[in-house]
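Peer 1: Quick one: the structure is below, questions incoming.
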Protein chains: 2
Amino acid sequence: MKRIFTKEIVDQVDQTVKVAGWIHARRDMGKVLFFDLRDKDGLLQIVAVPQELGEENAAIASSLKPEWVVEIEGVVQKRGAKQINEKMVTGTVELLAKKVTVLNESKVPPFEIDQDSMPVNEELRLKYRYLDLRTERMAANLRARNAAFQTMRQFLAEERFIEVETPILTKGTPEGAREYLVPSRLHAGNFYVLPQAPQQFKQLLMTAGVERYYQVARCFRDEDQRGDRQPEFTQLDLEMSFVEEEDVIDVIERMLVGTVEKLYPHKKIQAKPFPRLTYAEVMKKYKTDRPDLRKNTDDPDELAFCWVVDFPFFEKDDNSNWTFTHNPFSAAKPEFKVDLMEKKNIDKIIAAQYDIVLNGFEIGGGSIRNHQPEALRSVLEILGTSDEQVKEQFGHMLEAFEFGAPPHGGIALGMDRVMAILQNEPNIREVIPFPKDGHARDLMMNAPSPMQSSALKEVHIKLDLK
Amino acid sequence: MKRIFTKEIVDQVDQTVKVAGWIHARRDMGKVLFFDLRDKDGLLQIVAVPQELGEENAAIASSLKPEWVVEIEGVVQKRGAKQINEKMVTGTVELLAKKVTVLNESKVPPFEIDQDSMPVNEELRLKYRYLDLRTERMAANLRARNAAFQTMRQFLAEERFIEVETPILTKGTPEGAREYLVPSRLHAGNFYVLPQAPQQFKQLLMTAGVERYYQVARCFRDEDQRGDRQPEFTQLDLEMSFVEEEDVIDVIERMLVGTVEKLYPHKKIQAKPFPRLTYAEVMKKYKTDRPDLRKNTDDPDELAFCWVVDFPFFEKDDNSNWTFTHNPFSAAKPEFKVDLMEKKNIDKIIAAQYDIVLNGFEIGGGSIRNHQPEALRSVLEILGTSDEQVKEQFGHMLEAFEFGAPPHGGIALGMDRVMAILQNEPNIREVIPFPKDGHARDLMMNAPSPMQSSALKEVHIKLDLK
């Protein structure tokens, strides 16, 4: 007999079926035992009565403990009207067990699987992540994440985007955050770098004529783990050619609205189209560039998206040198192009840059890029980048742009944050399948960990612990 | 006016439209200039006649060179019967230019974009990958890769699999290949490792009750670059719970047949269901475990899939110690379970392992796993793994299996190889958007590259070049 999922048995009343899963809960009612059997879709009530099972199977049934893995054959029966449980997908039926097989036993878990694990010590949850993910809320978070990516991919395919994979072993980028290094074995003294974002690759894909690119991209930043950060995180990365700010905003807005309306129909998007506020406005009115525009911040189903636009391109750093506020690859808004090229009124230049904010969190940002090499060169001159640095860090981009780069722009959405908000979770670790802890450690796998010195020698490094 | 894609103009005869793209080819016919304009969808013939353009636009048109980026407004006109080009999607029409705008100029490319780049020096192609990807064949490879993943994801969603992202910064696994190291800044002297495959995470996801997992997963192996290998590559990784060998084979076979029939309807799958051959058979008959079963190896549209099954679990290594042939996490076939547990007849134990072969290439492999900790422990004892190594390398897996791991098994497909075969390409570099060269270098980005010693100091390493 082929095993079926628990939720498939609802329309199989009086049929003999086989199900499998975990013992979620056990209730002893004298001679009758009731179990909740859990599989990936939910729970099913199992009724174990000695006279239906025979001696051997009855003994097995009475030995079952929570989290044991079992296979059960039995007959589906309708529940009486009073026994119907409307909260369970399978609440109109139960399975009268005829045969019970133990597929694996389980020790007593370090925390209860049939309870929300939020109050449990987080280190314990992370060490036993494979148990934490069994809980209803965490399993729902995994499914919701999959559903959101599936819906967004579908939308982007219909909009004629293609997904293109870009390398993880690459070269450093001058975007600000500290990067992870990977020593090369074949090239002694040289290092790959893990990407902060596929920024340069997506711009090169535009130069390659792809026109509409996206990627569910893994990104890496070796930053101090304050707040709600992770060493690796997931962006929905996107870039388009022959477009203006308006086109990128339009695609993202339709994608987000469509995803929320399909997967979270009970949530209310406060304003459509999303309000657009200039940086000057939000700083004056809200004293932050991530304003929370919700009318009722206690309503978990309220979603207040907004765009923040018209950011200053440059600001002075601590040493009174010009630095970029967002991204050196951004273009100036058309009306500031002359100033950018002539390096005049630098503090007044506004970038063609846009952030998207949801309920007070920045969930993404992007810009129209400088596709002409002389405009990028002008930005680098304002930033005081030396000729040597220009050549080393930007040489390949400047050269690429000399071979007919099209006008282009894009955006990246921080999908961990998006999912945390949509799932009403307080932090991104709740929606990342296997997150690191606050010290960038994987407590389940025990990473990072020491290496044998021979392994270091092979990649031409040694420890420097002074 | 909104820019439209070239292929959208076929049904816009007599309309004024705006298109944009690259000058693909130019033909001067005295006073009339013909251009092929290329966008992401293909080519469109542009007719530039001075009297239609006016002086200024005519001068711009006559200045256009290959790979310049332009925007052209004009009137769509039907071609005469003799001028119809059936090879072009837009071959029934042409655009009579009224206005020409140069969006970016281009230097002369180092190789011709309107020719197949296969004969071009590969180092040059890799350095200018953004130009190589403009060629028709390479652009088609990018689109085909996207289409294949999209079709497979759709199939797996219908089969109720969910995609789950697993970490890139993780711990080493004992699967054989050399791994890339990432020094930790926060934990001096400790290292992350880039995964060879998500093997342990997918087994932990089964332990977590996910039941049907897949992932388009990036994998990393620091191996010598002989043959057709890449430091990073893409697997379609999959794992299922409560299944036997037959179930995994069935899902993969239906996925591959469906994908080929949808996206490559002109290709012939030689035998369905795919033939199954035992390891003993293929070694006897073909002297290889990757037999090429095609009847006509010159036919590029012939696809001969087969499964190779019943591999020996163990073999002796050079030092006469037992080693695993595939994967230490595999289970023995049911009839050999007693021998495995009792460590008897070790050379005769057959693993529940299956490889899938296409046209003489191994495109994937998998197994049913040992979900009971004592069976995994028995494998490790046969392999002579020391107690300390067991604890260090397998401790978390053994512990996880003690909390009710379900029976499970899976497979991973090497998608770069699959795409190379489907696209009739001679090597995987042709179907990877940004591959490394034969020395594991990215010639476009110039990676790997030296780092400043301060950057190394921050992650507690120094060079060891002796």
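Peer 1: Among strands (runs of 3 or more DSSP E) lying entirely in the stretch A:1-94, which contain 3 or more residues that are basic (Lys, Arg)?
Peer 2: Because the criterion is at least 3 residues that are basic (Lys, Arg), the strands (runs of 3 or more DSSP E) in the stretch A:1-94 that meet it are A:16-29.
Peer 1: If B:LYS436 meets every condition in (1) within 30 Å of B:ASN359 (Cβ to Cβ); (2) basic (Lys, Arg); (3) surrounded by fewer than 17 Cβ atoms within 10 Å (Cβ to Cβ) apart from one, which number is that one?
Peer 2: (3)
Residue-wise test of (1) assigned to a strand (DSSP E or B); (2) away from chain A (no Cβ under 12 Å); (3) among the acidic types (Asp, Glu).
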position	(1), (2), (3)
B:ALA188	no, no, no
B:LEU204	no, no, no
B:VAL210	no, no, no
B:ARG218	yes, no, no
B:GLU223	no, no, yes
B:GLN230	no, no, no
B:ASP247	no, no, yes
B:ASP250	no, no, yes
B:GLU253	no, yes, yes
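Peer 1: Among the listed residues A:LYS65, A:LYS87, A:LYS127, identify the single one that is under 22 Å from A:LYS7 (Cα atoms) and either touching a Ser or Thr at 6+ places or on another chain (Cβ under 9 Å) or not hydroxyl-bearing (Ser, Thr, Tyr) (or both).
Peer 2: Answer to the check: A:LYS87.
Peer 1: Given the structure, is B:GLU211 touching a strand residue (DSSP E or B) at 6+ places or on another chain (Cβ under 9 Å), farther than 21 Å from A:ILE428 by Cα, surrounded by fewer than 21 Cβ atoms within 10 Å (Cβ to Cβ) and of a type in the set (Asp, Glu)?
Peer 2: Considered against the rule, which asks whether it is touching a strand residue (DSSP E or B) at 6+ places or on another chain (Cβ under 9 Å), farther than 21 Å from A:ILE428 by Cα, surrounded by fewer than 21 Cβ atoms within 10 Å (Cβ to Cβ) and of a type in the set (Asp, Glu), B:GLU211 comes out as no.
Peer 1: Give the number of residues within the stretch B:345-369 that are of a type in the set (S, T, N, Q), open to solvent by 10 Å² or more (accessible area, probe 1.4 Å) and closer than 25 Å to B:PHE401 by Cα.
Peer 2: Qualifying residue count, the stretch B:345-369: 0.
Peer 1: Please enumerate the residues belonging to the stretch A:116-139 that are open to solvent by less than 30 Å² (accessible area, probe 1.4 Å), more than 19 Å from A:MET445 (Cα to Cα) and either of a type in the set (Val, Ile, Thr) or more than 9 Å from every other protein chain (Cβ to nearest Cβ) (or both).
Peer 2: A:SER117, A:THR135, listed by residue number.
Peer 1: Among the numbered criteria (1) more than 7 Å from chain B (Cβ to nearest Cβ); (2) closer than 29 Å to B:GLU179 by Cα; (3) in contact with a Lys or Arg (Cβ under 8 Å, 6 or more places away or on another chain), which one does A:ALA197 miss?
Peer 2: (3)
Peer 1: While we're on this one: Which condition number in (1) closer than 25 Å to B:LEU64 by Cβ; (2) within 11 Å of chain A (Cβ to nearest Cβ); (3) without any contact (Cβ under 8 Å) to a residue 24 or more places away in the chain is the one that B:GLN154 fails?
Peer 2: Single failed check for B:GLN154: (1).
Peer 1: Looking only at strands (runs of 3 or more DSSP E) that lie completely in the stretch A:305-356, which have at least 3 residues being at pLDDT 95 or above?
Peer 2: Here the list reads A:305-309.
Peer 1: Which of the residues belonging to the stretch B:287-311 are within 30 Å of B:ARG377 (Cα to Cα) and either open to solvent by 30 Å² or more (accessible area, probe 1.4 Å) or touching a Cys at 6+ places or on another chain (Cβ under 7 Å) (or both)?
Peer 2: B:ASP289, B:ASP310
Peer 1: Residues that are of a type in the set (Ser, Thr, Tyr) and more than 10 Å from chain B (Cβ to nearest Cβ): does the stretch A:99-115 have at least one?
Peer 2: Yes, because at least one residue in the stretch A:99-115 is of a type in the set (Ser, Thr, Tyr) and more than 10 Å from chain B (Cβ to nearest Cβ).
Peer 1: Scan the stretch B:175-186 for residues that are more than 7 Å from every other protein chain (Cβ to nearest Cβ) and open to solvent by 30 Å² or more (accessible area, probe 1.4 Å) and jot them down.
Peer 2: Selection gives B:GLU175, B:GLY176, B:ARG178, B:GLU179.
Peer 1: For the stretch B:380-420, give me each residue that is away from chain A (no Cβ under 12 Å), within 32 Å of the chain's Cα centre (by Cα), open to solvent by less than 10 Å² (accessible area, probe 1.4 Å) and under 21 Å from B:ILE350 (Cβ atoms).
Peer 2: The answer is B:GLY409, B:GLY410, B:ILE411.
Peer 1: Which of the following residues is open to solvent by 10 Å² or more (accessible area, probe 1.4 Å) and within 18 Å of the chain's Cα centre (by Cα): A:GLU244, A:GLU159, A:GLU163?
Peer 2: A:GLU163
Peer 1: Take the residues in the stretch B:421-466 that are small (Gly, Ala, Ser) and under 30 Å from B:LEU236 (Cβ atoms), then tell me which one is farthest from the other protein chains (Cβ to nearest Cβ).
Peer 2: B:GLY438
Peer 1: Can you find, within the stretch B:257-275, the residue that is most open to solvent (accessible area, probe 1.4 Å) among those that are without any contact (Cβ under 8 Å) to a residue 60 or more places away in the chain and in a helix (DSSP H, G or I)?
Peer 2: Once the filter is applied, the top-ranked residue is B:GLU261.
Peer 1: Then there's this: Taking the options A:GLU399, A:GLU362, A:GLU425, name whichever one is part of a loop (DSSP other than H, G, I, E, B), of a type in the set (D, E, K, R), within 26 Å of A:TYR214 (Cβ to Cβ) and modelled with pLDDT of 95 or more.
Peer 2: A:GLU425
Peer 1: Kindly indicate the residue of the stretch A:25-64 that is open to solvent by 30 Å² or more (accessible area, probe 1.4 Å) and under 35 Å from the mean Cα position of the chain (by Cα) and also farthest from the other protein chains (Cβ to nearest Cβ) among those meeting that condition.
Peer 2: Step by step, filter the stretch A:25-64, then rank; the result is A:LEU43.
Peer 1: Can you tell me which residues in the stretch A:447-466 are modelled with pLDDT under 95 and not in a strand (DSSP E or B)?
Peer 2: A:MET451, A:GLN452, A:SER453, A:SER454, A:ALA455, A:LEU465, A:LYS466, listed by residue number.
The values are calculated or read from the model by the stated rules, or taken from the named source; none is laboratory data. Values in this document were obtained by computation on a predicted structure and should not be read as measured data. Here the Cβ is made from the backbone with ideal geometry for all residues, glycine too, and neighbour counts use every protein chain on show. Quick note on the areas: whole protein, heavy atoms, side chains included, nothing else; ligands and nucleic acids left out. Shrake-Rupley method; radii C 1.70, N 1.55, O 1.52, S 1.80 Å.
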